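Down below is the structure, laid out as C-alpha cells.
The values are calculated or read from the model by the stated rules, or taken from the named source; none is laboratory data. None of the values given here were measured: they were computed from a predicted structure. Methodologically, a virtual Cβ is constructed for each residue, glycine included, from the backbone with ideal geometry; neighbour enumeration extends over all protein chains shown.
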Amino acid sequence: MALNHVVLGLLAEGPQHGYDLKRAHDVRFAAARPLAFGQVYATLGRLERDGFVERVGTDQDQGPERVVFALTEAGRRVLDEWLADPEEPHRYAADELVRKTVTALALGADASRFLRTQRVAHLEVMRLLLAEQDAVTDVAHRIALDHTIAHLDADLRWLESAHDRVTAERNAS
Amino acid sequence: MNSTTLLHATGLQKSFGRTPALRGASLTVGPRERVAVRGRSGSGKSTLLLCLAGVLLPDAGGVTYLGRRYDAMTADERARLRRREMGLVLQHGQLVPELTVLENVALPLLLEKVERSSAALLAHEWLARLGVAELADARPAEISGGQAQRAAIARALVTGPQLVLADEPTGSLDTVGADEVMAVLLEATRSCDAALVVVTHDNRVAARMDREVSVEDGSTEPAGALR
Amino acid sequence: MRPLWLVVVRTGGIGRAATVAVCTAFTSGLLLVAVSVLRLGSGSIPERLLAPIADPGTRGGAVLGIVLAALPFLLLLDQSLRLGAGERERRFGALAVGGAAPADLRRWGAIEVGVPAAVGAVGGLLVHGGLRLLLSGPHMGRVGSVVPEQTGPGWWTVPVLLTVAAYGAWAGRRAAARAADSWLVSRGLRRPPRPWGFIPLAGALVLALVSFGGGGRTVTTAALLAAIVLLVVGAASLAPWLVRRSALRALHRPRHPAAVLGLRRIAADPGPAARAGAATGAVALALATVLSLVVDTRSSGDPDVGLVASLVTVGLVAGVALLLVCGSLVVHAVEVLTDRRRSVAAIVAGGVPASVVRRSVRAEALAATLPLAVPGALLGGPVYGWLLAGGGLVELLLVTVGAAAVVALVALAVVLAARLVGPLADAATDPVNLRTA
C-alpha cells in the first residue's frame, strides 16, 4: 500500500509525531480503514531510511517521549511528483456487481426483477449515506461520502444503461 | 382507495396532437408520503405531474384529490384548489419577472385575498426559513438558479399545503447546489406535514424518498418501497 | 409590497397602452362623427355640407364610409395587443404556477387594455372636435363640411364611448385568455382555426339588407351599426381560417424555400398575422369602394366637386390606414422573429442563406394579407360598384381594373413593409442567438 505518499502529505502540514499522524490520517481519510500504529511507524522508518523524512526533536508532554518527524527537501519533491501525476483509471472492472449483472442479463430471462431489487438495495445505502452527510459538518468527511455516493450513482446508471443496451440488441435481432 | 388517500390518479391518458405522452399512468399519494417519479426524458413524467396538479386535464382517466374529481371542476376551481392545497415547484420559468422575490412568494396568498401586510409577513418568514431573506426586494433576473429554487419552494409552501409537487427541482443545478435544495425542500415539507411528489431522473433525489414509481413510455410501474 | 393587480396590469408597458389609447381615440372620434351625420334631420340643414352627407339618400353610404375608416384603427388595436406576446405567455405561465386562475388572468387583461381604451374613448371627443375644426366651417368653401358643425352626437355620445371602452376591455380579456391557454398547449399543436366567422358575416348581411330596406331612422341606424360590428367580428374571426386554408393550398405547388418557410409559419400560427390581414382587407374594401363611387360619378355625368372631394378624403384616410396596417404587420413580423430567434439562427447556421429568411418574412406577410385583400377589393369594386351603378359593361370593367389596382397597391405596401423589417430579420439570424442562456 502506498502509505508513503499519504504520510508525506500529512507531514506537509507540519512536523508531527507518530501518534498525531495516525489521528490526522483518520480524520482526513474518514471513509478509509483507520490506520494502525504499527503501519505508521513502519512507514516512518522506511521514509527516514530513504531520506524523505528526518527526526527534528522529541516531544515530552505528559507521557512517554515521542519522536517528532518532519519532511525533508527530498521528501517534499517526492510528494510534489506524486501529486503531479494523475492516477491511472482502473482498466479492469472486477466487481462482484458487474459479474452478477452481466450474468443476469446474459441469461436471456427477464432480468428486471434482479435489476429492481438491486436498485432498491443501492438506493437504500445511498439514502443512509446522504442522511449521514447531512448530519456531518466536517468537510473531509463529506468529501469522502461524496465519493462513495457518486460511485453508487454511477453503478445505478450503469445498471440502467446495461439493461437498455441488452434490450435494444434483443429487440433488433 | 382508502379514506386517507390524498391524491388518486388512474388510467391517465394524454396526447399532444398526435404524440401520446401518457398511456394509462396511475399513482396514489397518501398524506405525508414522499414519492419519487422516475423516468427518462420523454417518458411522460412531467405531463403526469401537471395532470396530478390539475394544470392539464387528461384525455382519459381521472384524478381525485381528497375525493374531489378534477374533471368535475372548472379550470378556475382547479386553480383555486391548487393554490390552497398544493405547492408547485418546477425546473425553471416559474417566478414572475416583474415581481420582486417577496411578491412572488406572497403571490398565492394575495390571490387568496389575504391582506397585503399579513401576506408580506408570512412571505418574509418563509424566505428566512429557506435562508434567502435578504433577497426579498431583488428581481428574479438578479438571483442565481439555486436562490430562485429556494424562492419557488417558499412560494409553494406559503399557503401551508397538504401536497407539494416538484418537477425536476434540481435539474438545472450542480451536485452541491442540488443537494442543498433537496435538503431544504425535504425539511420544509416535513415541517408542514405535507406530502411530496418529486419528478426526477437524479438517483440522489430518488434515494431520499419513501417510494419510487417508474414511468416508461407513458405508463407507470411501481418500483417498490425503498424502505 | 405593491398591490398585485397594479403590478401585473402595468407590465404591458406604456407603449402598448399609448397605442391602445390612440386607436380607441380615433375610433370613438370617427364613430362620433358618424353619429353626428346620422342625427342630421331629413329637413333642410342650416350649414353647407358635403353632397353625399347632405343628401339623405346617400347619407347611409357616407356613414358607412366614415365607420369603415375606423376599422383599421380597431384592427391595429387588436394587432398591438400582440406586442410582447411571447413575454406575456411566460409571465402568465409563471403567474399560473403561482396559483392565478384563468379568471384572474382574464380580469387583469381586461383592466390592462380597458383602462387605456376608456381614456382613449374619452379622448375621442377631442378627435371629434379636431375633425370638426378641420373639416367644417367657412374654409371648406364650395365643397362643404364633412363634419357637421351644428349637429353633434348628442346623447349617443355615452353609448359610443362606453362601447369603445368595453371593446377595449373585451379585447384585453381575450388576449389574456389566449396567452393563458397557449402556456399550457405550447408543447402541443395549436388547434386549427374554425370558420365560425361566417355566422356573424351572414348576420351582418341580413342587418345591412334590413337597414337599406327602409323602416324608421333609428332602426336603420341601429341596424347599420350592428351590421358594421358583426362585419368586423366576422372578418376578424374568419381571417385566420381563410389565411390558413390559402396558405395550405398554396403549398401544394412546388415553391421556393423562402415561400415554403413563410407559408408553413403562417399555416402553423395564422391568428395574429391574419388579423392584420383582415385590416388590409378592410383597406382594400374602402379603396375599391372609393374607386367605384368615382366611376359612378363619372358615368352619371356631371362630376360633383363635393363628391370627388369626399372620395379623395376617404382615399387619403384609406392610405393612412394602409400605412397603419403595414406598420402593424412589421410589428408582428418583429415579434415572431424575436420569439423564434433561436431556431432562425440555427437554420442559418446550418447553411440556409439569411436572404431566404428575409424573403420568407415577405412571403409570410403576403400570405397573411392577399387572401383578404382580394375579397375586400372584389366586394368594394365589382360587387358594390356594379350593383350601385347597375350599369354597363364599361363600368364593370373599370371597377374590376380598379379592384386589381387596389390589390397591387396593397401588395406593394406589404412588400415595402417587409423590406423595412430586413435589418431585424438579419439580427435574428445572428449566431449570438444560439448561446445557451
### Query
Which of the residues belonging to the range C:1-39 are assigned to a loop (DSSP other than H, G, I, E, B), farther than 22 Å from residue C:164 by Cβ and not polar (S, T, N, Q)?
C:1, C:2, C:3
### Task
Looking only at the range A:5-40, count how many residues are over 21 Å from the mean Cα position of the chain (by Cα) and not in a strand (DSSP E or B).
4
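This table checks each residue for (1) within 22 Å of residue B:83 (Cβ to Cβ); (2) under 26 Å from the mean Cα position of the chain (by Cα).
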{"position": "C:53", "(1), (2)": "no, yes"}
{"position": "C:64", "(1), (2)": "no, yes"}
{"position": "C:69", "(1), (2)": "no, yes"}
{"position": "C:80", "(1), (2)": "no, yes"}
{"position": "C:86", "(1), (2)": "no, yes"}
{"position": "C:95", "(1), (2)": "yes, no"}
{"position": "C:102", "(1), (2)": "yes, no"}
{"position": "C:110", "(1), (2)": "yes, yes"}
{"position": "C:116", "(1), (2)": "no, yes"}
### Query
If we scan the range C:64-80, do we find a residue that is surrounded by fewer than 21 Cβ atoms within 10 Å (Cβ to Cβ) and among the small types (Gly, Ala, Ser)?
no
### Message
Can you confirm whether residue B:36 is within 11 Å of chain C (Cβ to nearest Cβ), in contact with a helix residue (DSSP H, G or I) (Cβ under 7 Å, 6 or more places away or on another chain) and of a type in the set (Gly, Ala, Ser)?
### Response
no
### Message
As an exercise: evaluate residue C:351 against (1) in a helix (DSSP H, G or I); (2) surrounded by fewer than 16 Cβ atoms within 10 Å (Cβ to Cβ); (3) not aromatic (Phe, Trp, Tyr) and give the number of the one condition it does not meet.
### Response
(1)
## Note on the structure
Log entry, pairs with first residue in the range B:6-26 being within 9 Å of another protein chain (Cβ to nearest Cβ), second being hydroxyl-bearing (Ser, Thr, Tyr), beta carbons closer than 6 Å, six or more apart or on different chains, reads B:21/B:47
### Task
Please specify each residue of the range C:11-31 satisfying the condition of being touching a Lys or Arg at 6+ places or on another chain (Cβ under 9 Å) and either at pLDDT below 85 or within 11 Å of chain B (Cβ to nearest Cβ) (or both).
C:11, C:12
### Query
Residues of the range A:15-31 being loosely packed, with under 14 Cβ neighbours inside 10 Å and touching a residue at least 40 places away in the same chain (Cβ under 8 Å), which ones?
A:27, A:31
### Query
Within the range A:70-97, which residues are at pLDDT below 80 and farther than 30 Å from residue A:49 by Cβ?
A:89, A:90, A:91, A:92, A:93, A:94, A:95, A:96
### Message
Tell me whether the range B:203-212 contains one or more residues that are assigned to a strand (DSSP E or B) and either touching a residue at least 24 places away in the same chain (Cβ under 8 Å) or buried (at least 18 other Cβ atoms within 10 Å of the Cβ) (or both).
### Response
yes
#### Entry: Any pair with Cβ under 8 angstrom, 6 or more apart, that starts in the range B:48-69 at a residue that is within 14 Å of another protein chain (Cβ to nearest Cβ) and ends at one that is surrounded by fewer than 16 Cβ atoms within 10 Å (Cβ to Cβ) and of a type in the set (Asp, Glu)
B:57/B:71
### Message
Here is a list: B:206, B:166, B:188. Which entry is at pLDDT 85 or above, touching a helix residue (DSSP H, G or I) at 6+ places or on another chain (Cβ under 9 Å) and within 12 Å of chain A (Cβ to nearest Cβ)?
### Response
B:206
## Note on the structure
Note: among C:6, C:40, just one is of a type outside the set (Ser, Thr, Tyr) and within 28 Å of residue C:292 (Cβ to Cβ), namely C:40
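Table: residues versus (1) at positive phi; (2) away from every other protein chain (no Cβ under 14 Å); (3) surrounded by fewer than 22 Cβ atoms within 10 Å (Cβ to Cβ); (4) modelled with pLDDT of 75 or more.
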residue: C:33; (1), (2), (3), (4): no, yes, no, yes
residue: C:37; (1), (2), (3), (4): no, yes, no, yes
residue: C:42; (1), (2), (3), (4): no, yes, yes, no
residue: C:100; (1), (2), (3), (4): no, no, no, yes
residue: C:106; (1), (2), (3), (4): no, no, yes, yes
### Task
Read through the list (1) within 9 Å of another protein chain (Cβ to nearest Cβ); (2) touching a Ser or Thr at 6+ places or on another chain (Cβ under 8 Å); (3) modelled with pLDDT under 85, then give the number of the only condition that residue B:226 fails.
(2)
### Query
Do we find a residue being away from chain C (no Cβ under 14 Å) and in contact (Cβ under 8 Å) with a residue 24 or more places away in the chain anywhere in the range B:73-83?
no
### Query
Given the structure, is residue A:55 in a helix (DSSP H, G or I) and modelled with pLDDT of 90 or more?
no
### Task
Could you tell me which residue of the range B:133-147 is nearest to residue C:1 (Cα to Cα), considering only residues that are at pLDDT 90 or above and of a type in the set (A, V, I, L, M)?
B:136
### Message
Looking only at the range B:71-101, how many residues end up being closer than 22 Å to residue B:194 by Cβ and over 17 Å from the mean Cα position of the chain (by Cα)?
### Response
3
### Query
Which one of the conditions (1) surrounded by fewer than 19 Cβ atoms within 10 Å (Cβ to Cβ); (2) in a helix (DSSP H, G or I); (3) modelled with pLDDT of 75 or more does residue C:342 fail to meet, given that it meets all the rest?
(3)
### Task
Kindly check whether there is at least one residue in the range C:260-278 that is in a helix (DSSP H, G or I), buried (at least 23 other Cβ atoms within 10 Å of the Cβ) and charged (D, E, K, R).
yes
### Task
Identify the residue in the range B:85-116 that is more than 8 Å from chain C (Cβ to nearest Cβ) and in a helix (DSSP H, G or I) and, among all such residues, is surrounded by the most Cβ atoms within 10 Å (Cβ to Cβ).
B:105
### Message
Just to check your reading of the model, which residue among B:12, B:7 is in contact with a Pro (Cβ under 9 Å, 6 or more places away or on another chain) and within 30 Å of residue B:190 (Cβ to Cβ)?
### Response
B:12
### Query
Among the residues of the range A:115-131, is there at least one that is over 23 Å from residue A:102 (Cβ atoms), more than 11 Å from chain B (Cβ to nearest Cβ) and not basic (Lys, Arg)?
no
